[in-house]
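Taken together, the values in this text are just the output of simple stated rules run on the coordinates, not laboratory data. Owing to the predicted nature of the structure, the values given are computational and were not obtained by experimental measurement. FYI the Cβ positions are ideal-geometry reconstructions off the backbone, even for glycines, and counts take in every protein chain you see.
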Ligand code: HEM
């Protein structure tokens, strides 16, 4: 047997509670400082090797996918079900990825830019000048409506409202008690958190199946995401996905895509309003597109993209995706025994000084200065299971930020630092990211445009961008 990675004998109870309920960040960073970038711990769910070493991460992401099982399928069943793309393996997983890939491609996403911009403006229209509001509540509301309208393809105010309620009911019905302790997944005569969760699941599934059947009955061949899922056909000449299967996939996608995107948008808003030079540069980039920029143009802005990547780097929302090793696995000079789990840790990798100098600083331009390999930036995971919604999330983030920043002036209610903490399945900002609407930016933009027109031949009249981070 080869060498095992070094590490403590087990998680102490304090570390377990901190990791599971508060934040994994200080714990993994302390272990990495003690044992190096690859270490092995005894977690409550078995032996786990965590690595922030790009070469070890390369080994995980380039390995034959058949070398791994999905970790914690039983624990995540209330969220991802038993047969969604997030938990299937082998041929079934390859088939699901092939069917679901095209609807989630960047190209397909761009068709939805206008809807995403409209949703952003609708949510922002509820802010009142001078009054504090929770940016996280806003980004959650935006991400929720994007899922309902863009992914589920629901149309009409009444149906959108009903589906939104059903989704919220399902999200709120998830309780850590039965997720952590599967033994509590019992009906108890229709009472208790699990029974409530089951009712909420059935209610949403019923709405989704109703939507699918109504479309089939009407011969609706819309090319939105649901339409593409309904018309996708297996390569082997078999049919497409059954209605209930599509509903389960949609539910899993909801959980994978909602909180993650909302948290990342919340972080991006926070950092932009703590770093005035960064904000000025990104707003300058948006203004240069002229009034009412097209969502497609926003999605193509390089510095705005760098802002999103930097938010995902500094505070990755998904930090503990593990894979179970089916047979002994070579990892950076160590041998991981069959049955152990391995995790590529974005918290460790994205905090490396050699890859990201001054990693604690929010400096989007690092993504313009060099290209990071898939083993150096892993907010969306990697390999055969890399986030299916990565392109979707990036377009969504750019359009939401570009639309809001182009129109409004905002500030943080307080300059007190916010911590990256556990928030259910994901990690995100502590508190709600309280912000204050200062007013609309339109006048300032109009002034700049007027100044640009007045500028003498060839000079734009716009101030050259300050050397922003
Ligand atoms: C900023 C937003 C997001 C982040 C940071 C994120 C991150 C991740 C990560 C780390 C994984 C695991 C990858 C791995 O195992 O290596 C994942 C998987 C997944 N994500 Fe995302 N995600 C985001 C948004 C979305 C969105 C918007 C959707 C869909 C609308 C989505 C759908 C999925 C699905 C279906 C999987 C499972 C893929 C598989 O197992 O094959 N995600 N995501």
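Can you give the Rg to Rh ratio for segment 333-434, taking only C-alpha atoms and Rh from Kirkwood?
Numbers: Rg = 17.1 Å, Rh = 17.0 Å.
That ratio is 1.00, to two decimals.
Taking the Cβ-Cβ separation of residue 168 and residue 30 as r and a Förster radius of 35 Å, what is the calculated FRET efficiency to the nearest 0.05? Walk me through the intermediate numbers first.
Numbers: r = 37 Å, r/R0 = 1.06.
That gives a FRET efficiency of 0.40.
Rounded to the nearest 500 deg cm²/dmol, what is the calculated helix-only ellipticity per residue at 222 nm for the chain, with -39500 (n - 2.57) per DSSP H run of length n ≥ 4?
Details: 20 runs with 223 residues, N = 469.
The helix contribution divided over the chain gives -14500 deg cm²/dmol.
For segment 96-187, take N as its residue count and report Rg(C-alpha) divided by 2.2 N^0.38 Å.
On the way: Rg = 16.8 Å, N = 92, 2.2 N^0.38 = 12.3 Å.
The value comes to 1.37.
Could you give the length gained by full extension between residue 125 and residue 326, i.e. 0.36 nm per residue of separation minus their alpha carbon distance, to one decimal place?
Numbers: separation 201, 0.36 × 201 = 72.36 nm, distance 5.17 nm.
So the chain would gain 67.2 nm between residue 125 and residue 326.
Take residue 45 and residue 296, extend 7 Å from each Cα along the Cα→Cβ direction, and tell me the distance between the two endpoints in nm.
Calculated label separation equals 4.2 nm.
Place a point 7 Å from Cα of residue 231 in the direction of its Cβ. Which residues in segment 89-105 have their backbone N less than 12 Å from it?
103
Using only the alpha carbon atoms of segment 140-291, find the Kirkwood hydrodynamic radius as the inverse mean reciprocal pair distance, in angstroms to one decimal. Display every interim value, and only then the final one.
Values: mean 1/r = 0.0553 Å⁻¹.
It is 18.1 Å.
In whole angstrom, how far apart do the alpha carbon centroids of segment 338-394 and segment 61-79 sit?
So the two Cα centres are separated by 19 Å.
Take peptides 78-85, 218-225, 408-415 and line them up by average Cβ neighbours within 10 Å, highest first, as a rough protection proxy.
Details: 78-85: 19.5, 218-225: 13.9, 408-415: 15.4.
Those peptides, ordered most packed to least, come out 78-85, 408-415, 218-225.
Does a label point 7 Å from the Cα of residue 62, set along Cα-to-beta-carbon, have any residues of segment 334-358 with amide nitrogen under 13 Å, and which are they?
Answer for this model: none.
Label the chain by shape, choosing from rounded, prolate and oblate, from the square roots a ≥ b ≥ c of the eigenvalues of the Cα gyration tensor; if a/c is under 1.5 it is rounded, and otherwise prolate applies when a/b is larger than b/c, oblate when it is not.
On the way: a/c = 1.66, a/b = 1.20, b/c = 1.38.
In terms of gyration-tensor shape, oblate.
Work out, in µm²/s and without decimals, the Stokes-Einstein translational diffusion coefficient of segment 269-392 at 20 °C, 1.002 mPa s, Rh from Kirkwood over C-alpha pairs. Don't skip to the answer; put the middle values down first.
Details: Rh = 16.6 Å.
Translational D for this selection: 129 µm²/s.
Based on the alpha-carbon gyration tensor of segment 226-282 and its eigenvalue square roots a ≥ b ≥ c, which shape applies: rounded if a/c is under 1.5, prolate if not and a/b is larger than b/c, or oblate? Intermediate values should be presented prior to the final figure.
Working: a/c = 5.89, a/b = 3.10, b/c = 1.90.
Judged from the Cα gyration tensor, segment 226-282 comes out prolate (a/c at least 1.5, a/b above b/c).
For segment 314-419, calculate the relative contact order in percent as a whole number, restricting contacts to Cα pairs under 8 Å that are 6 or more residues apart. Numbers along the way, then the final one.
Details: 75 pairs, mean separation 20.8, N = 106.
Relative contact order, segment 314-419: 20 percent.
Using Cα pairs closer than 8 Å and at least 6 residues apart in sequence, work out the relative contact order for the chain, in percent.
About 25 percent, as a whole number.
Could you work out the relative contact order of segment 266-366? I mean the mean sequence separation of Cα pairs under 8 Å and 6+ apart, divided by the number of residues, in percent.
Working: 97 pairs, mean separation 27.4, N = 101.
Averaging sequence separation for qualifying contacts and normalising by length gives 27 percent for segment 266-366.
Which distance in nm do the two modelled labels at residue 4 and residue 210 give, with both placed 7 Å along the Cα-to-Cβ direction?
So the two model labels end up 5.4 nm from each other.
Just the number, please: percent antiparallel of the DSSP beta bridges in the chain, rounded to the nearest 5. Provide the component values of the computation, followed by the final result.
On the way: 27 of 31 bridges.
Of all bridge pairs located within the chain, approximately 85 percent are antiparallel.
Compute the Cα gyration tensor for segment 320-387, then decide on rounded, prolate or oblate, letting a ≥ b ≥ c be the square roots of its eigenvalues: rounded whenever a/c is under 1.5, prolate when a/b is larger than b/c in the other cases, and oblate in all that remain.
Values: a/c = 2.71, a/b = 2.20, b/c = 1.23.
In terms of gyration-tensor shape, prolate.
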